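> Here it is, the structure in full.
The values are calculated or read from the model by the stated rules, or taken from the named source; none is laboratory data. None of the values given here were measured: they were computed from a predicted structure. Cβ: placed from backbone, ideal geometry, glycine included. Neighbour counts: every protein chain shown. Each accessible area value is taken on the protein alone, full model and side chains, heavy atoms only, with ligands, DNA and RNA left out. Shrake-Rupley method; radii C 1.70, N 1.55, O 1.52, S 1.80 Å.
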Amino acid sequence: QVQLVESGGGLVQAGGSLRLSCAASGRTFRNYAMAWFRLAPGQGREFVAGISGSGGTTSTAVSVKGRFTISRDNAKNTVFLQMNSLKAEDTAVYYCAARFGSTWSTRESEYDYWGQGTQVTVSS
């Protein structure tokens, strides 16, 4: 099984940057595709970015394309989300998720493990 712990959230002004981290426990981390989802008030969980087990392939949602970058360090069992040019609309709880398999899914129901989430608040 995999345990996930997010960190790096906080309060930032519009236009600023944050880097979120997700630390995973498990001996087969590289066998899991990873993703970031977010939950804003009044909304369902939204796919933000995904990355393959090897880190060789990534995808980002249209809403964050060009601003957010997902990456991973398999030697440290960690996945990152670099968030630049933040907007007030990015305010949400951000969740790290793991899915056994080579690539990601945009559907929340396809993920096996979830972290507790980290709050990101963007002021304008």
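> When you look at Gly16, is it surrounded by fewer than 18 Cβ atoms within 10 Å (Cβ to Cβ), in a loop (DSSP other than H, G, I, E, B) and either touching an Asp or Glu at 6+ places or on another chain (Cβ under 9 Å) or at pLDDT 95 or above (or both), yes or no? Can you show your working first?
Numbers: surrounded by fewer than 18 Cβ atoms within 10 Å (Cβ to Cβ): yes; in a loop (DSSP other than H, G, I, E, B): yes; either touching an Asp or Glu at 6+ places or on another chain (Cβ under 9 Å) or at pLDDT 95 or above (or both): yes.
Yes.
> Residue by residue through the range 19-30, note down the ones that are surrounded by 15 or more Cβ atoms within 10 Å (Cβ to Cβ) and of a type in the set (S, T, N, Q).
Residue satisfying the conditions is Ser21 alone.
> Can you tell which of Arg38, Arg99 is in contact (Cβ under 8 Å) with a residue 40 or more places away in the chain and within 21 Å of Gly10 (Cβ to Cβ)?
Details: Arg99 fails: within 21 Å of Gly10 (Cβ to Cβ).
Unique residue meeting the criteria: Arg38.
> Also, quick follow-up: What is the residue count in the range 48-93 for residues that are free of Cβ contacts under 8 Å to residues at least 60 places away in the same chain and of a type in the set (Phe, Trp, Tyr)?
Qualifying residue count, the range 48-93: 1.
> Only one of Val120, Val62 is under 18 Å from Gly10 (Cα atoms) and among the β-branched types (Val, Ile, Thr); which? Before the answer, list the steps.
Numbers: Val62 fails: under 18 Å from Gly10 (Cα atoms).
Every option except Val120 fails the conditions.
> Which members of the range 40-54 meet the condition of being charged (D, E, K, R) and either over 13 Å from the mean Cα position of the chain (by Cα) or assigned to a strand (DSSP E or B) (or both)? Break it down into steps so the answer makes sense when it comes.
Residues of the range 40-54 charged (D, E, K, R): 45-46.
Selection gives Glu46 alone.
> Of all residues in the range 1-13, which are surrounded by 15 or more Cβ atoms within 10 Å (Cβ to Cβ) and under 17 Å from Arg38 (Cα atoms)? Working first, answer last.
Looking only at the range 1-13, we keep the residues that are surrounded by 15 or more Cβ atoms within 10 Å (Cβ to Cβ), and these are 2, 4, 6, 8-9, 12.
Leu4, Glu6, Gly8, Gly9, Val12, listed by residue number.
> Any idea which of Val48, Val62 is of a type in the set (A, V, I, L, M) and open to solvent by 50 Å² or more (accessible area, probe 1.4 Å)? Give the derivation first.
Values: Val48 fails: open to solvent by 50 Å² or more (accessible area, probe 1.4 Å).
The match here is Val62.
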